[in-house]
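**Student:** Before I ask anything, here is the structure I am working with.
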Amino acid sequence: MVLAVVFSAYFPVYRLNRELAAAKREGLLLDLSDVQPAISKSWPQGENAATLVRKAIASKKSHSISLPGRETDDVLKGSATTQEKDQVRRYLAQNIAFLDLYRQASRMPRLDYERPWQQGFGLLLPEYAVVKNAGKTFVAAAALGIDPKENLLTAARLSVLTRQDPNLIAQLVSIAMGSTAIRQAAKLGLGREIDSALGAPIDVRWAYSVELPSCLDAARRIGTEEWDKSLGIPREGLWDRLRSGGPTRTNAASTIVHDFRAFWKAMPKDGTDYISATQAADQNLGGAYDELARMSPVMANLVSNSSNLSEPIKAMQSFEELRKAARSGAPLPSPKPLP
């Protein structure tokens, strides 16, 4: 009986240590403290656009700058009235200095926000929405005939810089910005040039690299007071804390590492083989996210469920199909909603 109790307590730890050792040998990121060094190694050194982007965001707040959203969307659709076009033109004319900050940022080689990645799923990413709107603004300017090529190049460069963050949200924001730019470019006969500015296709391995350490961090901390505070949620009840502690926590971590190792092995060496990568995600990642969902009701709302694990990869594939059509001058595929 005593041996059985000891074994049941020790084996989950033994299994987890084996999985972690194997994952480390295979080159997977395991700890959130490894993310920032990976970013520094992966992208060119030189001026960091993050300083200018944050300066632009601060300027936007202090001067209460607000993009005319509906009017801008109508300009991009080609359905804007004369009054709506005039309103967007006034916005562009009144905010030249603010928009110039993004123009300058777009010409820099890297965009590293030096985020506190250790916050895991509790990390806030406020820059994405603002940069996405800035990209939309430059495309709208092009649609209005205001320095079309330069404004589209600015939007494309911002899209490329945004994907330097190694997470799925960054890639989806980059796709949204790039898609808007390339569609307008195709209308103006600038498809090839803007496609070239959009650079290399998104690498699936880079896009998913922060997922494993984030999931592991969650498995370690779910149910702790620090975890609840980091997410700004009420303290979980005693039963939920007991359910997510001890062997449950260790077994969940083992499953997470095992599934991500299987995903990484099934992934093609070519990080732009989106069809193979989609299959790898669908076949291997369900258990990892299901473990987190079982550990906490809050996590059930935060993490993807097994039905949409590969949706970000499909979005990358659709983006490349759009770019290919723009390069060749073929009809552009219909827009697809992003996950």
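One line per residue, one yes/no per condition, for (1) of a type in the set (A, V, I, L, M); (2) over 17 Å from residue 159 (Cα atoms); (3) at pLDDT 90 or above:
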position	(1), (2), (3)
32	yes, yes, yes
64	no, yes, no
72	no, yes, yes
83	no, yes, yes
90	no, yes, yes
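**Student:** Among the residues of segment 92-119, count how many are open to solvent by 40 Å² or more (accessible area, probe 1.4 Å) and in a loop (DSSP other than H, G, I, E, B). Spell out the reasoning first.
**Tutor:** Just the residues of segment 92-119 that are open to solvent by 40 Å² or more (accessible area, probe 1.4 Å), to begin with: 93-94, 96-97, 100, 103-104, 107, 109-110, 114, 116, 118-119.
From what is left, the residues that are in a loop (DSSP other than H, G, I, E, B) are 107, 109, 114, 116.
Summing the residues that are open to solvent by 40 Å² or more (accessible area, probe 1.4 Å) and in a loop (DSSP other than H, G, I, E, B) in segment 92-119 gives 4.
**Student:** Additional query: Residue 210: within 15 Å of residue 311 (Cα to Cα) and either open to solvent by less than 30 Å² (accessible area, probe 1.4 Å) or touching a residue at least 60 places away in the same chain (Cβ under 8 Å) (or both), yes or no?
**Tutor:** Working: within 15 Å of residue 311 (Cα to Cα): no; either open to solvent by less than 30 Å² (accessible area, probe 1.4 Å) or touching a residue at least 60 places away in the same chain (Cβ under 8 Å) (or both): yes.
Criteria not met by residue 210.
**Student:** While we're on this one: Six or more apart or on different chains, Cβ atoms under 9 Å: show the pairs whose first residue is in segment 81-103 and closer than 26 Å to residue 58 by Cα and whose second is basic (Lys, Arg) and surrounded by fewer than 18 Cβ atoms within 10 Å (Cβ to Cβ).
**Tutor:** 101/55
**Student:** For residue 145, all conditions in the list (1) open to solvent by 10 Å² or more (accessible area, probe 1.4 Å); (2) in a helix (DSSP H, G or I); (3) closer than 19 Å to residue 71 by Cα hold save one; what is the number of the exception?
**Tutor:** Unmet condition: (2).
**Student:** Okay, moving on. Return only the number of the condition from (1) at pLDDT 85 or above; (2) buried (at least 18 other Cβ atoms within 10 Å of the Cβ); (3) assigned to a loop (DSSP other than H, G, I, E, B) that residue 236 does not satisfy.
**Tutor:** (1)
This table checks each residue for (1) within 11 Å of residue 140 (Cβ to Cβ); (2) open to solvent by 90 Å² or more (accessible area, probe 1.4 Å).
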position	(1), (2)
45	no, yes
52	no, no
57	no, no
73	yes, no
77	yes, yes
81	no, no
85	yes, no
90	no, yes
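**Student:** When residue 124 is evaluated against the numbered criteria (1) open to solvent by 40 Å² or more (accessible area, probe 1.4 Å); (2) in contact (Cβ under 8 Å) with a residue 24 or more places away in the chain; (3) of a type outside the set (Gly, Ala, Ser); (4) not in a helix (DSSP H, G or I), which criterion, by number, is the only one it fails?
**Tutor:** Result: residue 124 fails condition (2) only.
The values are calculated or read from the model by the stated rules, or taken from the named source; none is laboratory data. Since the structure is predicted, the reported quantities are computational estimates derived from the model, not experimental observations. FYI the Cβ positions are ideal-geometry reconstructions off the backbone, even for glycines, and counts take in every protein chain you see. Heads up: the accessible areas ignore ligands, DNA and RNA and are worked out on the full protein's heavy atoms, side chains in. Shrake-Rupley method; radii C 1.70, N 1.55, O 1.52, S 1.80 Å.
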